[in-house]
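Right, one structure below, let's go through it.
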Amino acid sequence: MQLFETKRRTPSISLAALIDILFLLIIFFVVSSRIIGESGVKLVLPYDKSKSSVAVEMPMLEMSADSKLMLQGNPLTEKQLPDALRELKKTNARGGLLMNIDRKVPHGRVVRLMNLLRESGFQHIVFGTQSTRPE
């Protein structure tokens, strides 16, 4: 004696709901990728396949770990730097500058220096690197 009539339900997936979720994910990633891409800082980094050093003829700005500045081997203060950079830009037709910055210098300080360089008219900023890891 059978009390209930058993009907088998076939499982089904609603494609409309899945397509809605897919479009929302696509919109989210497109919008978030544009926001992330605009906030970057453009750099020109030296690259050499053979790992050998290459002499580059461009002015050099150096900053030590204790934030002492040297431009072309001459020590100067941060207040003197904008005027010295403008004078150097007049004599440098290529518009490039090599920055040798100690790795212990805070990132914010390096970004401020880069902004100062850009305001002074330098378009190409190259960071000096080491080919071997310091011990």
> For the stretch 60-127, what's the radius of gyration and Dmax over Cα atoms, in angstrom?
Replying inline: 11.0, 31
> How far is it, in nm, from the label point at ARG118 to the one at THR6 when both lie 7 Å from their Cα along the line to the Cβ?
Replying inline: 7.2
> Could you give the nm distance between label points at ILE21 and HIS107, where each point is 7 Å from its Cα heading toward the beta carbon?
Replying inline: 3.5
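Just so you know, all these numbers are worked out from the coordinates, no wet-lab data involved. Since the model is a prediction, treat every value here as computed from it, not as a measurement. FYI the Cβ positions are ideal-geometry reconstructions off the backbone, even for glycines, and counts take in every protein chain you see.
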